[in-house]
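To keep things clear, I will list the structure first and then write my remarks on it.
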Amino acid sequence: MAIAAAVVVVVAAVVFLAFGRGKPAATVTPISAAPDAYATSLPITGLAMSESSNLAGGKVTYLDGHITDTGTRTISGITVQVLFRTFAHEVAQNETQPMKFIRTREPYVDLEPVSAAPLAPGASADFRLIFDAVNPDWDGAYPEIRIVHVDAK
C-alpha cells in the first residue's frame with residue numbers, strides 16, 4: 001500500500017513539473033519603457049480587428065496590420081507591446097509579444113516568425129497579433145501598439 005502511494009506521489013510530481021512549469025510566463029513590458037530606436041523606421045498601417053470563438057467557448061481577438069521597413073537595416077525580429085485601454089484611458093491590459101507575419105491567407109491564415117522571412121529595407125509585410133483573452137474593462141477601441149525591440153542586421 002505504501003509503495004502504491006509513493007508511486008502515485010511520484011507520478012503526480014512528474015506531471016506537475018512537466019505541465020506546470022513548461023509554460024513560459026507572460027511577458028509584460030513596463031508602460032514607461034522606451035520604444036526601440038529603429039521603431040520610427042517601421043510604420044504600422046492598415047490596422048483591422050476581428051474576433052472568433054475558440055474550441056473552449058472563449059473569444060479570440062485578432063489584430064491585423066501592415067508594416068514597412070523604411071530604414072536601411074534588414075529586420076529579423078520585432079517585439080511589440082500592445083496596450084488595451086479602459087474608457088477612463090487607463091491601461092486595462094498590457095501584453096508584449098513577438099510580431100508574426102502572415103504567410104498565407106487561404107485556406108486559412110498561416111503565421112510565421114519575422115525571422116522566417118526577414119523584412120528587407122523598403123519591403124512590407126502583413127502581420128497578425130493574437131490575444132486569447134482581453135480584459136472585459138477594455139473600451140473596444142484599437143489598442144496602442146509600440147515596437148519595443150527590433151532584431152536588425
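Results, tabulated for the structure shown:
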read-out	value
Single match in Ser50, Ser76 (criterion: of a type in the set (Ser, Thr, Tyr), at pLDDT 90 or above, in a strand (DSSP E or B) and over 22 Å from Val134 (Cβ atoms))	Ser76
Segment 135-153, subset of a type in the set (A, V, I, L, M, F, W, C) and open to solvent by less than 40 Å² (accessible area, probe 1.4 Å), residue nearest to Glu90 (Cα to Cα)	Ile145
Every residue from segment 31-55 that is more than 18 Å from the chain's Cα centre (by Cα) and acidic (Asp, Glu)	none
Top-ranked residue of segment 103-119 - restricted to ones that are farther than 23 Å from Arg146 by Cβ and either surrounded by 13 or more Cβ atoms within 10 Å (Cβ to Cβ) or in contact with a strand residue (DSSP E or B) (Cβ under 7 Å, 6 or more places away or on another chain) (or both), ranked as modelled with the highest pLDDT	Arg103
Verdict on Gly140 being of a type outside the set (Phe, Trp, Tyr) and without any contact (Cβ under 8 Å) to a residue 40 or more places away in the chain	yes
Of all residues making up segment 79-102, the number that are assigned to a loop (DSSP other than H, G, I, E, B) and open to solvent by 30 Å² or more (accessible area, probe 1.4 Å)	4
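The values are calculated or read from the model by the stated rules, or taken from the named source; none is laboratory data. The model shown is predicted, which means the values in this text are computed figures rather than measured ones. Methodologically, a virtual Cβ is constructed for each residue, glycine included, from the backbone with ideal geometry; neighbour enumeration extends over all protein chains shown. Just so you know, the surface numbers come from the protein's heavy atoms only, side chains and all, with ligands and any DNA or RNA stripped out. Shrake-Rupley method; radii C 1.70, N 1.55, O 1.52, S 1.80 Å.
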